[in-house]
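Values quoted throughout were computed directly from the atomic coordinates according to the rules given, and no laboratory measurement underlies them. Keep in mind that this is a model prediction, so the values were computed, not measured. Ideal geometry is used to build each Cβ from the backbone, glycine not excepted, and the neighbour counts take in all protein chains shown.
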Amino acid sequence: MPKRSAGLLMYRGSGARLAVLLVHPGGPFWARKDLGAWSIPKGEYAGDEDPLAVAQREFAEETGAQPRGEFQSLGEIVQAGGKRVTAWAVEGDFDPVTLVSNSFETEWPPRSGRKRSFPEVDRAEWFSPEQAREKINAGQRAFVDRLVELVGGATRLPSPAGPPTGSSAGGETPSASRRTGGASRARPRRRARPGAPR
């Protein structure tokens, strides 16, 4: 059964000033990776969990803050490895300097027998839609395009010939429904898991 993940794509501004918030995964595997390595804040969930509640929880755990406002569906995509990701857009103005992420443990250096702790997310940054399309995991690019269509923004760039790696394969069309979320401050928590691709 494919893994499922849920997350939030925070944005601010509109038109030529539209910007989106992406996070860079922490740990040695991602340390030197940039283009195609960034992601929306997200996390996996079990079948009996509410995806939007999970998306809010994961945003809080990976950034240290949870946004207020209306959550607008961006539908679902399928990443290259088969993981299905559902996302919502929410307007906000998070300051990347205040980022406080949870952490995970992994063996490092490899085969050393020693465990080290790394932040799940090592930084966050605001990008224009054009920049975000280059930075974000290829499978998640559709979320940026759907956000531009939803709130208005820079002209959408044409996709490369053929289906991009990890792009949406029969992904759901974003619904028009909106849900309102609250706000809370989150405490970082430690996860005992390897720094697997997001």
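Fully extending the segment from residue 149 to residue 48 would add 33.3 nm, taking 0.36 nm per residue of separation and subtracting the current Cα-Cα distance.
Compute the Cα gyration tensor for the stretch 52-119, then decide on rounded, prolate or oblate, letting a ≥ b ≥ c be the square roots of its eigenvalues: rounded whenever a/c is under 1.5, prolate when a/b is larger than b/c in the other cases, and oblate in all that remain. Oblate shape, in that a/c is at least 1.5 and b/c is the bigger or equal ratio. Decide, for the stretch 13-86, between rounded, prolate and oblate: order the square roots of the alpha carbon gyration tensor eigenvalues as a ≥ b ≥ c, take rounded if a/c falls under 1.5, and otherwise choose prolate if a/b is larger than b/c, else oblate. Cα axes put the stretch 13-86 in the rounded bin. The listed peptides 141-151, 100-110, ordered by packing as a protection proxy, come out as 141-151, 100-110 (highest mean of other Cβ atoms within 10 Å first).
For the peptides 32-38, 78-84, 19-25, residues were scored by their other Cβ atoms within 10 Å and the scores averaged per peptide; the highest-first order is 19-25, 78-84, 32-38. Gain on full extension, evaluated as 0.36 nm per residue between residue 31 and residue 68 minus their Cα-Cα distance, stands at 10.2 nm.
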